[in-house]
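Below is one structure, written out as structure tokens, with a few remarks after it.
The values are calculated or read from the model by the stated rules, or taken from the named source; none is laboratory data. No experiment lies behind these values; they were computed from the predicted model shown. Heavy atoms of the whole protein, side chains included, go into the accessibility calculation; ligands, DNA and RNA do not. Shrake-Rupley method; radii C 1.70, N 1.55, O 1.52, S 1.80 Å.
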Amino acid sequence: MTKLDEDVGYVDEIEKSEIKKPLKNRPKVKKSARIEWKKSFKKNWELYLLLTPVILYFVVFHYFPLYGLQIAFKDFIATKGITGSPWVGFKHFERFFDSYYFWRLIKNTIGIGVFTLLVSFPVPIILALMLNEVKSLRYKKFVQTVIYAPHFLSTVVVVGMLLLFLKSDGLVNQVIMLFGGNSIDFITEPGWFKTLFVFSDVWQTMGWSSIIYIAALAAVDPAQHEAAMIDGASKFQRIIHINIPAIMPTIVILFILNAGSVMAVGFEKVFLMQNDLNMSTSDVISTFVYRSGILEAQYSFSAAVGLFNSLINFIMLIMVNQIAKKVSETSLW
């Protein structure tokens, strides 16, 4: 046996002896989670301090109000309070499911939500890919400033602009009549509500929503584009095979978040654009909850409707997340 074989055999014997040692005699490599957390807190206490207001905000305004959800299963009486009100189970849910407005509300809410997702979600991606190819830095900054500006307009201002431009004697109808067309009453015509709602939302949010995709594109390695150009790839081919795969995880995460809020159609804009003539297409769950809970003081019924809406969003979020995990291996959890 050579000297090397003797040494190897000696090392193997040592390793075997270490394995045979009882567990209680081995050194503890992992510390307890409590000690690790204390160590992390001492090291990064400034970051935890900065995070405290955010945590307090969610606890006070999002988690603490969950206590009041139990009125959805009670006949709430203000003088008796939440705990003193009588329990009625699923009475208010059954009333909502059997109501005349149920299917209209579901159809309008899902219709607007899906229409918004299909139109407004891809637009910021396309916009970011286009801006990423602009070589003139001055022109790029100018375009970004212009498309970001609508985000800072309030919903009231945006709806006011719609009413001003689209009324029967507004600018749009003046142009239509100038070319020999007939005036269209966009505001009161039910068929135009979803289109106006969605495309005005795209105009207002597409610039701001594209920021995260522009940031993701900035992280793409330029060497990949240089190698592709040497191989003769065109600009369009580089966008398809380099840029889009690079931002795909970001796209999937944002799509999951957007799909999980399909039923959460914004109340403010719908309410401001709503009138008696377009009610058949503009009435959604959020406006129905407002009328039932605030105007008619049916607190338990409106809480039940709102809880139903939130549960649907929650289920859709989980389903889309699971599908994304299986298809692209990217998910929220």
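A few points about this structure:
- Average accessible area per residue (Å²) across segment 165-312 - probe 1.4 Å, nucleic acids and ligands excluded: 51
- Whole-number D in µm²/s for segment 128-251 (Stokes-Einstein; Kirkwood sum over Cα pairs; 37 °C, 0.692 mPa s): 186
- Angle between the chain longest axis and helix 33-43 axis [Cα atoms, degrees, rounded to 10]: 70
- Which listed pairs, of Lys235/Lys326; Lys91/Lys269; Lys74/Lys269; Lys194/Lys269, have C-alpha distances above 20 Å, in listed order: Lys235/Lys326; Lys91/Lys269; Lys74/Lys269
- In the chain, the longest principal axis of the Cα atoms and the axis of helix 155-166 are about 40 degrees apart.
- For segment 185-191, backbone phi angles converted through the Karplus equation (6.51, -1.76, 1.60; θ = phi - 60°) give residue-by-residue couplings of 8, 4, 6, 9, 7, x, x Hz, Gly and Pro being listed as x.
- Pairs of alpha carbons in segment 37-102 whose separation is greater than 18 Å (percent): 62
- In the chain, helices alone account for a calculated mean residue ellipticity at 222 nm of -20000 deg cm²/dmol, with every DSSP H run of four or more residues adding -39,500 (n - 2.57).
- Of all accessible heavy-atom area on the chain, the percent that carbon and sulfur account for (1.4 Å): 68
- The chain gives an Rg/Rh value of 1.14, both radii derived from C-alpha positions and Rh following Kirkwood.
- In the chain, the longest principal axis of the Cα atoms and the axis of helix 122-132 are about 60 degrees apart.
- Proximity of backbone amide H atoms, modeled 1.01 Å from N, is registered between Ile77 and Ser85 at under 5 Å, excluding neighbours fewer than 5 places apart on the same chain.
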